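Before I ask anything, here is the structure I am working with.
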Amino acid sequence: MRKNDYTFAGLLILIGVLFLLLNLKIINFEWLMFILSIGLIVGYFIKGHMGYLVSGLVLLGISLVSLLNQYAFPGVNIKGFLFLWIFGIISLVLYGRQGSRGFLVFGCILPALGTYNLIEELTFGDVSWTLYLLFGIAFYIIYMVGYRKSGIEWPKHLTIAMLIVSLLFLITSKFAVEFKFWKFINYLWPILLILIGVRIVYNIIKLKE
């Protein structure tokens with residue numbers, strides 16, 4: 001029997017044992033997913049199949065969100081923070097394995113959103129300026145890690161733009177100043193992201209031709 005067959009048989013046994021323990025009410029569903037995710041990750045190191053790693057990391061993220069929220073922080077709703085951070089880390093792991101810059105972008109943006117979610121949960125008042133500050137930090141990391149050596153500078157430009165917007169929001173929140181163009185800015189920066197993404201896809205297609 002090949003090593004791959006042993007790995008698959010072992011996973012089947014693990015799944016069977018876990019569901020038996022679930023039916024006997026020895027473990028709950030969150031612990032079942034956590035143990036199964038560890039088994040899938042171990043299976044990846046044995047078999048080397050990327051499907052095991054991806055599915056294991058996804059299950060690990062989902063189970064850790066529930067377990068940490070249940071046992072470590074029972075009084076605070078941190079599911080959004082944990083969910084985004086864990087899947088951000090998963091994206092960075094996949095970036096390290098495959099080198100795809102898309103995983104790098106998700107791996108930096110998702111933790112930024114997660115951190116903002118936690119700040120909103122723990123504080124009172126208008127903290128919207130922190131979202132743009134965190135985005136600025138995320139885009140700078142993206143630039144330094146994945147784009148600086150290639151001479152591509154759009155993440156650095158977005159970093160500067162996010163920091164400026166963050167500063168403006170901080171000033172208005174401190175001095176209660178209202179500007180009519182804030183709503184325009186809230187629509188403008190997502191459109192700019194879309195246009196940049198379309199431009200990148202266009203450049204890739206042109207290079208392939």
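Answer yes if at least one residue in region 182-193 is modelled with pLDDT under 85 and in contact with a Leu (Cβ under 7 Å, 6 or more places away or on another chain), and no otherwise.
no
So, one more: Can you tell me which residues in region 103-157 are among the hydroxyl-bearing types (Ser, Thr, Tyr) and within 14 Å of residue 89 (Cα to Cα)?
Once the filter is applied, which keeps residues that are among the hydroxyl-bearing types (Ser, Thr, Tyr) and within 14 Å of residue 89 (Cα to Cα), region 103-157 yields only 115.
May I pose another question? For the structure I just gave you, tell me whether residue 158 is surrounded by fewer than 19 Cβ atoms within 10 Å (Cβ to Cβ), without any contact (Cβ under 8 Å) to a residue 40 or more places away in the chain and not polar (S, T, N, Q).
Against the criterion (surrounded by fewer than 19 Cβ atoms within 10 Å (Cβ to Cβ), without any contact (Cβ under 8 Å) to a residue 40 or more places away in the chain and not polar (S, T, N, Q)), residue 158 does not qualify.
Can you tell me which residue is nearest to residue 31 (Cα to Cα) among those in region 41-69 that are hydroxyl-bearing (Ser, Thr, Tyr) and in contact with a Phe, Trp or Tyr (Cβ under 7 Å, 6 or more places away or on another chain)?
In this case the residue turns out to be 63.
The values are calculated or read from the model by the stated rules, or taken from the named source; none is laboratory data. Quick caveat, the model's predicted, so the values are computed rather than measured. Cβ coordinates were reconstructed from backbone atoms using ideal geometry, including for glycine residues, and neighbour counts include every protein chain displayed.
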